[in-house]
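**Q** Here it is, the structure in full.
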Amino acid sequence: MRDFWQRYRRNKGAVVGLGLLIFVVLVAIAAPIIFPASPWEMAGAPFQRPFGEYPLGTDMLGRNVLSGIVHGARVSLMVGIISTIVAVALGLTFGALAGYFGGIVDDALMRFTEFFQTIPSFVFAIVLVAIFRPTIYSIVAAIAVVSWPPVARLVRGEFLSLRRREFVQAAVVIGESHLKIILTQILPNALSPVIVMASLMIASAILLESALSFLGLGDPNMMSWGYMIGASRSVIRNAWWMSTFPGIAILVTVLALNLVGEGLSDAMNPRLARKGRA
Amino acid sequence: MTEPLLSVRGLTIDLPPGSDRPHAVENIDFDLHANEILCLVGESGSGKSLTAAAVMGLLPQPSVKPSAGELTFEGRNLLSLSEGEWRQLRGRRLGMIFQEPMTALNPVMRVSDQILEVLQAHGEAGGMGRVMELLNAVNLPDPERLRAAYPHHLSGGQRQRVMIAMALALRPTILIADEPTTALDVTTQAQILALIRQLQSERQMGVLFITHDFGVVAEIADKVAVMQHGRIVELGSKHQVLEAPRHEYTKRLIAAVPTLDPPDRRPLDRAPTVLSVKGLGKTYKTAGGLFRPKRIVDAAKNVTLSIRKGETLGLVGESGSGKTTVGRCIIRLIDSDKGRIDFHGVDLNAFKGSALKPYRKRVQMIFQDPFASLNPRHKVGDIIAAGPIAFGTPPADAMKRAQDLLQLVDLDPVVVDRYPHEFSGGQRQRIGIARALALQPELLIADEPVSALDVSVQAQVLDLLADIKRRLNLSMLFITHDLRVAAQVCDRVAVMYQGEIVEQGSTAELFRHPTHPYTRKLLDAIPGKHWRTRAHA
């Protein structure tokens, strides 16, 4: 574990990313303490410029933009993390079964996966949310459904190559069951690229959620960054701050997640890291 | 004595800080004369390949760099050359051939174009005519057809011949060969060694030949330098080093090379038969694509063999002969298409999936690659205990048994808590053996168990296997390509060629009076076969 941190630390960008991410997470956790009032509540006069009474100004209904961003962090992170967990779980199951058993099982599962991949993911997500009514659950489900196929393909590839390794054959020979071989022999060795991919998937899930909210398909009871941008797009010329600051929040979070993902990748594949970077 | 072509004095090559020793190569001296083959021999990690790389200016700088000494070639110290001067020298004056010809050739370029490129890069005239001449010189069959061939069309031996043609294209005075025959089958190896010998004397070249195999040394060397831990511990003529080694390490290495004289063995005619395989067949089919014809390969055809209690049957053959397929069919890692596999009279081919489980316990396998056969994320104790646990032994008991087994294979039982990467190849192979023994099998299938190991470690592991086999009265199917090992280990030997067993018999009988032409060819091809035969045993 200490080795791992040593290798991670060599990538300076990843350390900065981790710092930013920890900051965003702390803000999300502390949101009800920083701003006990609901972010939907009117705080003062509408259209107040930033750096005045309210640090980031107020929106057209007089709601505090900073409070919206702080509470929005909860929604964005939660949607990102939960949908990624669901997508990774789906992808691992499908990929592991397809890669381990091969043959007809592989063919069937991969054709099923391709069925999902043929539909452009954002359009698919819109359709799903529109059908099931926009609630936080349907949004998380829609994002998970559109983002598991790449995980499945990645896991399948790992399993296909690990399946042929001698230590897996040795496990077959000593009579371990399929389930045990999948879970204890192959999975731990296949996990590192999945972890890296998952960290990047959280970022794309946050973007997807923002895009859905921007189109008005967000959960109407949840203050999210995408909703804030979407709601203020009609006044962007006379109230730039309403959409700019949530936009920066998205940028910083997604950038942090990407940096962390890259750092994890470097730390988990020490031999591939540091090439082409001095 | 004439002036040496290449003179190495006090060469020291630094390793990056944090390596297991400060210098890869430490203060070595040797001379290479024209018309002479100097063999650098040593075990893995002895620094022999880095020495060759230093002579070619191919060290992975800056992490590994020469820090002292001189490499004098044609009056110049090679260590002070610039990259541009090196380029002039490489290819033109110094040729090199590598171990793995597939990776050294560009897979998407015709081989004739690759040789032509070498000529053009150095502004050499002659064009395609010269390429054909070179292909002829390395005895490639049908050079006209080879003109259009890509590397994957060629066999391993043919690819190595192409590499040699490339290395010789500019008539270098020195040829450096880094384990050029290690990846090749024994019969191909014999041909390539003969070719190098022939070209060397035709062109009066000096050859620096890197190898780990004393058989190859006996076959090809004029002079021998033995390396250990980055130092040359002994340097002398072939005769002196092989017949009257002075240094302890050389003596130990040479003693570890198995002899070709099978020891006398007690007959096992009365012991009961453990395994009897009849008419085993396995065919691999690759489905044809739109533009590809279907490919059908008979990996095993009508294989019939039997093993008695306490007996070791050797299955020998070259790569692609089907010996590994037969081993994996018997242990049911792959399903065979035809035939019976009778284990104590019960046909294992009749079972599938979990019905096989009772037999898993009684037939175990030792794998070839000690680095691939242990899960890098499991502790040694868990690896060994996994089998008994899968069969319902309480984990605590299984772990205690794992410690006993570690002792049995001469490892300290406290290592149960360590991970495989902390062990050397030989130690890992011992762990692999302990894992196979954990289920108390009656039959062991050993698939090239020592071919990935250095010769001195190989001897230890073979001794250990022989000792355990005797103590536990195990039967063993020993799959190997190395006839020296087979001669020492096996009671009987079956020779496989293109999926069929062409000859089978007691080891002593088969080595002394081979009847099948292929067996004779195999025995003839063993490098250094006249060295260390009866007279020395």
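**Q** Residues that are out of contact with any strand residue (DSSP E or B) (no Cβ under 9 Å at 6 or more places or on another chain), at pLDDT below 90 and within 14 Å of another protein chain (Cβ to nearest Cβ): does segment A:216-239 have at least one?
**A** Taking every residue of segment A:216-239 in turn, none turns out to be out of contact with any strand residue (DSSP E or B) (no Cβ under 9 Å at 6 or more places or on another chain), at pLDDT below 90 and within 14 Å of another protein chain (Cβ to nearest Cβ).
**Q** Oh, and also: How many residues does segment B:344-377 contain that are of a type outside the set (Gly, Ala, Ser) and assigned to a helix (DSSP H, G or I)? Working first, answer last.
**A** The first filter runs over segment B:344-377 and keeps only residues of a type outside the set (Gly, Ala, Ser), leaving B:344, B:346-349, B:351-352, B:356-371, B:374-377.
In the following step, the residues that additionally are assigned to a helix (DSSP H, G or I) were identified as B:348-349, B:356-360.
Here the count works out to 7.
**Q** Hey, another quick one. Taking the conditions exactly as written (over 24 Å from B:Tyr497 (Cβ atoms), in contact with a Phe, Trp or Tyr (Cβ under 9 Å, 6 or more places away or on another chain) and surrounded by fewer than 18 Cβ atoms within 10 Å (Cβ to Cβ)), does B:Arg332 satisfy them or not? Spell out the reasoning first.
**A** Values: over 24 Å from B:Tyr497 (Cβ atoms): yes; in contact with a Phe, Trp or Tyr (Cβ under 9 Å, 6 or more places away or on another chain): yes; surrounded by fewer than 18 Cβ atoms within 10 Å (Cβ to Cβ): no.
So B:Arg332 fails the test.
**Q** Still on this structure: For segment A:128-160, what are the residues that are open to solvent by 60 Å² or more (accessible area, probe 1.4 Å) and free of Cβ contacts under 8 Å to residues at least 24 places away in the same chain? Spell out the reasoning first.
**A** Pass one, segment A:128-160, residues open to solvent by 60 Å² or more (accessible area, probe 1.4 Å): A:130-133, A:137, A:153.
Residues satisfying the conditions are A:Ile131, A:Phe132, A:Arg133, A:Tyr137.
**Q** Quick one: in segment B:447-474, of everything that is closer than 23 Å to B:Lys379 by Cα and within 14 Å of chain A (Cβ to nearest Cβ), which residue is most open to solvent (accessible area, probe 1.4 Å)?
**A** B:Ala452
**Q** I would also like to ask the following. Can you give me the ranges of the helices (runs of 4 or more DSSP H) entirely in segment A:11-127 with at least 2 residues that are touching an Asp or Glu at 6+ places or on another chain (Cβ under 9 Å)? Don't jump to the end; show me each part of the working.
**A** Numbers: elements: A:12-34, A:65-101, A:103-117.
Correct list: A:12-34, A:65-101.
**Q** Could I ask something else about it? Restricted to segment A:174-208, and to residues that are farther than 30 Å from A:Gly226 by Cβ, open to solvent by less than 50 Å² (accessible area, probe 1.4 Å) and among the hydrophobic types (A, V, I, L, M, F, W, C), which residue is nearest to the chain's Cα centre (by Cα)?
**A** Looking at the filtered set, the residue picked out is A:Ala190.
**Q** For segment B:50-68, which positions are small (Gly, Ala, Ser), out of contact with any helix residue (DSSP H, G or I) (no Cβ under 6 Å at 6 or more places or on another chain) and open to solvent by less than 50 Å² (accessible area, probe 1.4 Å)?
**A** Taking segment B:50-68 first, the residues small (Gly, Ala, Ser) are B:52-54, B:57, B:63, B:67-68.
Then keep just the ones that are out of contact with any helix residue (DSSP H, G or I) (no Cβ under 6 Å at 6 or more places or on another chain); that gives B:52-54, B:63, B:67-68.
Correct list: B:Ala52, B:Ala53, B:Ala54, B:Ala68.
**Q** Continuing with the same structure: Kindly indicate whether any position in segment B:73-89 is on the phi < 0 side of the Ramachandran plot, surrounded by fewer than 17 Cβ atoms within 10 Å (Cβ to Cβ) and in contact with a Lys or Arg (Cβ under 9 Å, 6 or more places away or on another chain).
**A** The answer is yes, given that some residue of segment B:73-89 is on the phi < 0 side of the Ramachandran plot, surrounded by fewer than 17 Cβ atoms within 10 Å (Cβ to Cβ) and in contact with a Lys or Arg (Cβ under 9 Å, 6 or more places away or on another chain).
**Q** List the residue pairs whose Cβ atoms are under 9 Å apart, where the first residue sits in segment B:101-117 and is under 21 Å from B:Thr188 (Cβ atoms) and touching a residue at least 40 places away in the same chain (Cβ under 8 Å), the second is open to solvent by 50 Å² or more (accessible area, probe 1.4 Å) and charged (D, E, K, R), and the two are 6 or more positions apart or on different chains.
**A** These pairs meet every condition: B:Val111/B:Arg147.
**Q** State all residues of segment A:241-270 that are out of contact with any Ser or Thr (no Cβ under 7 Å at 6 or more places or on another chain), open to solvent by 10 Å² or more (accessible area, probe 1.4 Å) and aliphatic (A, V, I, L, M); if no residue qualifies, say none.
**A** Scanning segment A:241-270 gives A:Ile248, A:Ala249, A:Leu251, A:Val252, A:Val254, A:Leu255, A:Leu259.
**Q** Restricting attention to segment B:378-387, does a residue exist that is within 19 Å of A:Lys180 (Cα to Cα), assigned to a loop (DSSP other than H, G, I, E, B) and open to solvent by 20 Å² or more (accessible area, probe 1.4 Å)?
**A** Keep residues of segment B:378-387 that are within 19 Å of A:Lys180 (Cα to Cα), which gives B:378-387.
Going one step further and asking which of them are assigned to a loop (DSSP other than H, G, I, E, B), we end up with B:378-379.
Those left that are additionally open to solvent by 20 Å² or more (accessible area, probe 1.4 Å): B:378-379.
Yes - at least one qualifying residue is present in segment B:378-387.
**Q** Looking for whichever is at pLDDT below 90, surrounded by 17 or more Cβ atoms within 10 Å (Cβ to Cβ) and within 13 Å of chain A (Cβ to nearest Cβ) here; the options are B:Ala390, B:Ala372, B:Ala398. Which one fits? Quick ask: steps written out before the conclusion?
**A** Details: B:Ala390 fails: at pLDDT below 90; B:Ala398 fails: at pLDDT below 90.
Result of the check over B:Ala390, B:Ala372, B:Ala398: B:Ala372.
The values are calculated or read from the model by the stated rules, or taken from the named source; none is laboratory data. Keep in mind that this is a model prediction, so the values were computed, not measured. We place every Cβ from the backbone using ideal geometry, glycine too, and count neighbours over all the protein chains shown. Heads up: the accessible areas ignore ligands, DNA and RNA and are worked out on the full protein's heavy atoms, side chains in. Shrake-Rupley method; radii C 1.70, N 1.55, O 1.52, S 1.80 Å.
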